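A.B. asks: Once you've had a glance at the structure underneath, I'll fire off some questions.
The values are calculated or read from the model by the stated rules, or taken from the named source; none is laboratory data. Every value quoted in this text rests on a predicted model; they were computed, and no experiment measured them. Here the Cβ positions follow ideal geometry from the backbone for every residue, glycine too, while neighbour counts run over all protein chains shown. Ligands, DNA and RNA are stripped out before the accessible areas are found, and what is left, the full protein with its side chains, is counted by its heavy atoms. Shrake-Rupley method; radii C 1.70, N 1.55, O 1.52, S 1.80 Å.
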Amino acid sequence: MSGADVKLVLRSTRVVTPGGTRPAAVAVADGRIDAVLPYDTGVPAGARLEDFGDDVLLPGLVDTHVHVNDPGRTEWEGFFTATRAAAAGGITTLLDMPLNSLPPTTTVDHLRTKQQVAAPKAHIDTGFWGGAIPSNVKDLRPLYEAGVFGFKCFLSPSGVEEFPELDQEQLARSMAEIAGFGGLLIVHAEDPSHLASAPQRSGPAYADFLASRPRDAENTAIEGLIAHAGRLNARVHVLHLSSSDALPMIAAAKREGVRITVESCPHFLTLTAEEVPDGATEFKCCPPIRETANQDTLWEGLADGTIDCIVSDHSPCTTDLKTPDFASAWGGISSLQLGLPAVWTEARKRGHSLDDVARWMSAAPAELAGLTRKGAIEAGRDADFAVLAPDDTFTVDPAELFHRNQVTAYAGRTLYGVVKSTWLRGERIAADGTVAGPTGRLLERNQ
Ligand SMILES: [Zn+2]
């Protein structure tokens, strides 16, 4: 041990570390991991031992894609409810998306407004993405210096008028500006012309909605993004990949040194188009949930590293906006509290381990955002943990979710993996379905 004042030791027969899962004792001092020690190391005098038996000690999850919508659309969600749900689900760090709140995070003033709103409500550590819209190229560098982790843009309409998309020329301009100060551009990649030429049919049939958001829209947008990123040597990240057709070109771009990373989401990896009932718009999101064969290929992309991480894209709304018409219902899936068990249930079925899940849902998103204190159980990192009973199951009852609106595509599903407790900087913030008051901190880039 470092000689620091160890007050807490967490012990489990299954501690998920960057070097694999093993029995270990994790010594915590001042909210940080002081050392990862052999399982039977003696507990220092004055320190408390928490023994989790065979429950798995995971690094706290890092969810870099959450729409909190606060302030402005707090009837949809909010920092208090979102971060409480996250804590209950084993997430200890969240990055908020710049849109669907009013104001959107497109200027430093707007960022400060959001930080003020979030500070007293955050149950977990919380940071912010900025937004890149046609009118704010001059705001990008000041926002970066003010602590945003990077910038989100759309290439097709976002669904809210205060956050317009970028055309190809605007994309190149914003990307060049961001690359100029070493920033990261994260992109909702669907090409607007493919969306415009796809058949648009309203009604309750999921097949009609799926046809309105074709894979080609994603593929074309990603192809263009790769070209821009390669030419500008810019760092880009593809948000919520659904089309598995894009994987070969992404893999090729990575091999050629293009600085591109990719995320997918629990709903693309665990739900399929074939099973969406008519009118069930709690399954609507853009890009859409696709067919089973597509999902199988996405899992191959995860296994071979083409897809870097899994994040929720939690994008809730009020129940009344989830009308049974797929064309007009609000698009977005709520899963913040359920991402870990949803992904684990499918991952275990496909032969993956919790080491894989921890890499996809903690280490990789932390690395994406440059959160060097988060994402792993190793000395020097924050003492953020999720304690999971991986073989226990539960059936999703929306009434037990802490999301403000208890609409979820996972209702009634039986999932593996019960989060027994969540720890933030050495403090237990959630246990057995109850969450303590807000003690999260606001994070800024490079903090
Ligand atoms: Zn999103």
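A.B. asks: List the chymotrypsin sites (Phe, Trp or Tyr not before Pro) in region 33-86 that DSSP assigns to loop (not H, G, I, E or B) and whose Cβ has at most 13 other Cβ atoms within 10 Å. Which are they?
C.D. replies: Details: sites: Tyr39, Phe52, Trp76, Phe79, Phe80; in loops: Tyr39, Phe52, Trp76.
In loop regions of region 33-86 (DSSP not H, G, I, E or B), the sparsely surrounded chymotrypsin sites (Phe, Trp or Tyr not before Pro) are Tyr39.
A.B. asks: Taking square-rooted eigenvalues a ≥ b ≥ c of the alpha carbon gyration tensor, is region 61-369 rounded, prolate or oblate, where a/c under 1.5 means rounded and, failing that, a/b exceeding b/c means prolate?
C.D. replies: Numbers: a/c = 1.19, a/b = 1.10, b/c = 1.08.
Because its axes are fairly even, with a/c under 1.5, region 61-369 counts as rounded.
A.B. asks: For region 61-369, calculate the relative contact order in percent as a whole number, restricting contacts to Cα pairs under 8 Å that are 6 or more residues apart.
C.D. replies: Reported as a whole number, the value is 18 percent.
A.B. asks: Normalise the Debye intensity by I(0) for region 309-376, one equal point scatterer per Cα, no solvent, then take log10 at q = 0.21 Å⁻¹ and round to two decimals.
C.D. replies: Log10 of I(q)/I(0), two decimals: -0.88.
A.B. asks: Continuing with the same structure: If you project the alpha carbons of region 1-130 onto the principal axes, what extent comes out on each, in Å, largest first?
C.D. replies: 52, 27, 23
A.B. asks: Here's a follow-up. How much accessible surface area, in Å² rounded to 10, belongs to the heavy atoms of Ile226 with a 1.4 Å probe?
C.D. replies: 30
A.B. asks: For the chain, what is the percent of antiparallel DSSP beta bridges, rounded to the nearest 5?
C.D. replies: 50
A.B. asks: Further, regarding this structure: Report, in deg cm²/dmol and to the nearest 500, the calculated mean residue ellipticity at 222 nm for the chain, where each DSSP H run with n ≥ 4 adds -39500 (n - 2.57) and the sum is divided by the residue count.
C.D. replies: Calculated at 222 nm, the ellipticity per residue is -8000 deg cm²/dmol.
A.B. asks: On average, how much accessible surface per residue is there in the chain, in Å², for a 1.4 Å probe, leaving out ligands, DNA and RNA?
C.D. replies: With the other protein chains kept in place, the chain gives 35 Å² per residue.
A.B. asks: Carbon and sulfur together cover what percent of the accessible area of the chain at a 1.4 Å probe radius? Display every interim value, and only then the final one.
C.D. replies: Working: 7740 of 15800 Å².
Its accessible area is 49 percent carbon and sulfur atoms.
A.B. asks: Pull out a ≥ b ≥ c, the square roots of the eigenvalues of the alpha-carbon gyration tensor of region 140-248, then state rounded if a/c is under 1.5, prolate if not and a/b is larger than b/c, and oblate in the remaining case. The partial results should precede the final answer.
C.D. replies: Working: a/c = 2.43, a/b = 1.80, b/c = 1.35.
It comes out prolate by the Cα gyration axes.
A.B. asks: I've got another one for you. Determine the sum of side-chain charges near Arg373: Lys and Arg each +1, Asp and Glu each -1, restricted to other residues whose C-beta is under 10 angstrom from that of Arg373.
C.D. replies: +1
A.B. asks: Please give the length that would be gained between Asp51 and Arg350 if that part of the chain were fully extended, namely 0.36 nm times their separation in residues minus their C-alpha to C-alpha distance (nm, one decimal).
C.D. replies: Answer, rounded to one decimal: 104.6 nm.
A.B. asks: A further question on this structure: Which angle from 0 to 90°, rounded to the nearest 10, does the C-alpha axis of helix 108-118 make with the longest principal axis of the chain?
C.D. replies: Helix 108-118 sits roughly 50 degrees off the main axis of the chain.
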